[in-house]
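Engineer: Right, I'll just put the structure down here and ask away after.
The values are calculated or read from the model by the stated rules, or taken from the named source; none is laboratory data. Quick caveat: nothing in here was measured; it's all calculated off a predicted structure. When we count neighbours, we look across all protein chains shown, and the Cβ atoms used for this are built from the backbone with ideal geometry, even at glycine. Side chains are part of the model used for accessible areas, which takes the heavy atoms of the whole protein and leaves out ligands, DNA and RNA. Shrake-Rupley method; radii C 1.70, N 1.55, O 1.52, S 1.80 Å.
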Amino acid sequence: TTVARVTATDADDPQQGNNARLLYSILQGEPYFSVEPKTGLIVTSWPSMDREARDQYQVVLEVKDMLGQRGAHSASTTVTVHLTDVNDNGPTFQHHLYTFGVREDAAVGTTVGRVKADDGDEGLNAMMNYTLQDLEESNTFTIQLDPDTQEGLVLLAKPLDYETKSRFVMAVEADNVVVDERFLSADEARDRATVKVFVEDVDEPPVFGADVYEWRVPESAGVGTEVGVVSARDTDTRNNPVRYSIERHSGIRKAFRIDPNNGSMTLSQPLDREASNWHNVTVVATETKQSYLFSAAVVFIKVLDVNDNAPALASVYRPYICEGTPAGELIQLLDAVDPDDPPEGHHFYFSMVPDAHINPNFTIRDHQDNTASIVSRRSTFTRKDRAHYLLPVVVADSGVPPLTSTSTLTVTVCGCGPAGHCPLGGAGVEARALSMGTSLKTLLGVLVCLATLSALSVLTLGVRRRRRRRRKQQEVSGMAEDVDGEDLELPDQVSQKVLRYGEPRAPGPQLASTPYISSPCASPSSPPSVPLRPHPRRRDRKLRRAEVAASIRMSLRHSHLIGPEDEVFRQFIFDRLDEADRDPYAPPFDCLRTYAFEGAGSDAGSLSSLDSCGLADFGPEPPAGRPRPFVVPLTPWYGSEEDTF
């Protein structure tokens, strides 16, 4: 096979001897190539050269003039020969057996494994296709070519179930895309290998018999009626028990109850189709062992209608009849409604209440199309005779059993205008007022009763308050009279401060008694008695006492530096006594203030001013007409003198 031609030139004259006659020879490249000596044509001299073994050769050629004789000149050149590829190699798998594992919960499309077939060719000659031959024809897996790596990807095409099938055996085949039968036969252009896939067991949640359940139950079903049964089981080899429940977030958990063991669902509350005609319940099945896996299914419950609602008039009708209307005139067209929904549709019947006597005023005509008309029987209607008429209307449905309702309509006699309409004022209002007369009278009577009861309650409360006030005044007057009449039993010993209750003995009528207090220690020039001050507010007293306590604590901090004879201590005592005498908030009849020195190194003596006067020094005699104040000793009330100080 011709590879190439080389040509050499010689500047000598080819007509003169052999100086320009050239001869080609090969120095390197044998035995694969040779050259024709006279033409310089390079040809192959080795059959079936293999590009996959060696794809490049260096051929060195030499040319001499004078036909290679002695004294000839020579030159050489190098020719590089590249072998081009032909499809003379088929694909070959790297392994005869491929083994893969996949979890049974793997999703469809998951890559299970990769297979690879090698081809010594290159380019288009090396391109191949992979096919998967399922020997069991389950079509669980497929294979695709990865164009970047020329690998075959084994993909999952269907869900797996370890309990159903745990092992798959397949054959994978690789074929060249382009086949040149001059170099390779069709059988030689393909290769086969075996693929085994093992399914790994996974603990799966329970599986329901159906993804969606749809049941029907009549709304008249009683509590405890079984609506339906759901079923789920653990498909794993362990076959764990399953427990049923209604999803916690389901809005109608209270309407239904499910048996946790067998999955039967019953009613726990009565149903009402008119309130809700569909119920959606989510049932959960949970394994009772191991990982407690769970799954859910949806249950649709349709409530079937039962004739449990009576029909009623479609609206509130206010029929009227004009004065002078002839007999047989249409007064009102009636319509009815029913919340029930029978399969064959509604059919209502209108009639009057059965009575022994025929209504002489009106009649009802049923049109047999769920409507009816009120028609007058006579033509002598006047407002003077009667302002309104009561007409009971009976409406019945076609259900099983049929239900009826009775509505009473008030037909008003009206003085209509020229167009036949009852005006809003005048006779129309008068007729309505007459029809409402009974209710207005009743309401007025109730209002009068409420007003009377309120007045009696206020009067009773005022009388009680007046009696309570009078009783208190009598008690105060009685206490004053007991003191003035010397009926008070006094102790033997008399204290320095004396309580006296009395009232001034002035000429003239006395309207009220006034409490007084007097002290035997008072000076003769001071008033013998003063009226008691009103009781202070609790909050003001607390504030005043808090200020005194703070002052005492501040003074006692320095008590270890001073003694009873110190001027500062004396001044403190006098200030406290003066504050106690002038304090308008301190009660003078049940409080005895004492102050003692508790400094280190001295015995505390009595600092009370109780010894400043004797029991006999009560001051001058009281004026004529004024009783002498009684002296009450406080010692029995507070204990002995030793206990007091």
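Engineer: Counting other Cβ atoms within 10 Å, which trypsin sites (Lys or Arg not before Pro) in region 55-163 have at most 13 and lie in a DSSP loop? Intermediate values should be presented prior to the final figure.
Structural biologist: On the way: sites: LYS64, ARG70, ARG103, ARG114, LYS116; in loops: ARG70.
Qualifying residues, ordered by number: ARG70.
Engineer: Throw me the Rg/Rh for region 132-203, computed over C-alpha atoms with Kirkwood Rh, two decimals. Could the numbers behind the result be given before it?
Structural biologist: Numbers: Rg = 15.6 Å, Rh = 14.2 Å.
That ratio is 1.10, to two decimals.
Engineer: What are the extents of the Cα atoms of region 164-219 along their three principal axes, listed from largest to smallest and rounded to whole Å?
Structural biologist: Projected onto the principal axes, the Cα atoms of region 164-219 cover 84, 27, 12 Å.
Engineer: So what are the ³J(HN,Hα) numbers for region 102-114, from phi and the Karplus equation (6.51, -1.76, 1.60; θ = phi - 60°), rounded to whole Hz, Gly and Pro as x?
Structural biologist: Result, rounded to whole Hz: 8, 6, 6, 9, 5, 7, 5, x, 5, 6, 7, x, 10.
Engineer: Principal axis lengths of region 100-168 from Cα atoms, whole Å, largest first?
Structural biologist: Largest to smallest, the principal-axis extents are 46, 22, 15 Å.
Engineer: Averaged across orientations, what area in nm² does the convex hull of the alpha carbons in region 195-309 project? Could you put the intermediate results ahead of the total?
Structural biologist: Working: hull surface 34.4 nm².
With every direction weighted equally, the projected area is 8.6 nm².
Engineer: Further question on the same structure: Enumerate the amide H contacts of ILE321 below 5 Å, restricted to partners 5 or more residues apart or on another chain; note that Pro and chain-start residues carry no placed amide H.
Structural biologist: Residues meeting the criterion, in which the H sits 1.01 Å from N, are THR412, VAL413, CYS414.
Engineer: Follow-up. Translational diffusion coefficient of region 1-85 at 4 °C, 1.567 mPa s, Stokes-Einstein with Kirkwood Rh over Cα pairs, in µm²/s as a whole number. Mind dumping the intermediate values first?
Structural biologist: Working: Rh = 13.8 Å.
D = 94 µm²/s.
Engineer: Grab the other residues whose beta carbon is less than 10 angstrom from that of ALA285, score K and R as +1, D and E as -1, and report the net. Kindly include the intermediate steps, with their values, before the conclusion.
Structural biologist: Numbers: positive: ARG233, ARG243; negative: ASP234, GLU287.
Around ALA285, the charge tally is 0.
Engineer: May I pose another question? Can you work out the Karplus-derived ³J(HN,Hα) for every residue in region 53-59? Use 6.51 cos²θ - 1.76 cosθ + 1.60 with θ = phi - 60°, whole Hz, and x for glycine or proline.
Structural biologist: 8, 7, 10, 8, 9, 9, 10
Engineer: Mind checking which lysines have their Cα closer than 28 Å to the Cα of LYS302? Skip sequence neighbours fewer than 8 apart in that chain.
Structural biologist: Candidates past the 8-residue exclusion: LYS254.
Engineer: Using only the alpha-carbon atoms of region 193-238 as identical scatterers, what base-10 log of I(q)/I(0) does the Debye formula give at q = 0.23, 0.30, 0.31 Å⁻¹?
Structural biologist: Each listed q corresponds, in turn, to -0.91, -1.12, -1.15.
Engineer: Taking R0 as 30 Å, what's the FRET efficiency between ASP201 and ASN139 from their Cβ-Cβ distance, rounded to 0.05?
Structural biologist: Values: r = 22 Å, r/R0 = 0.74.
Computed FRET efficiency for ASP201 and ASN139: 0.85.
Engineer: So, counting K/R as plus one and D/E as minus one, what does the shell of residues with Cβ under 11 Å around ASP259 add up to?
Structural biologist: It works out to a net charge of +1.
Engineer: Turning to a different aspect of this structure: Would you kindly derive the ³J(HN,Hα) couplings of region 84-100 from the backbone phi angles with the Karplus curve 6.51 cos²θ - 1.76 cosθ + 1.60 (θ = phi - 60°), listing them in order in whole Hz, with x for Gly and Pro?
Structural biologist: Result, ordered by residue: 8, 7, 10, 7, 10, 10, x, x, 9, 5, 6, 9, 7, 9, 10, 10, 10 Hz.
Engineer: Run the accessible area of region 360-410 with a 1.4 Å probe and give the carbon-and-sulfur part as a rounded percent. Let's see the in-between values first.
Structural biologist: Working: 1350 of 2670 Å².
C and S fraction of accessible area: 51 percent.
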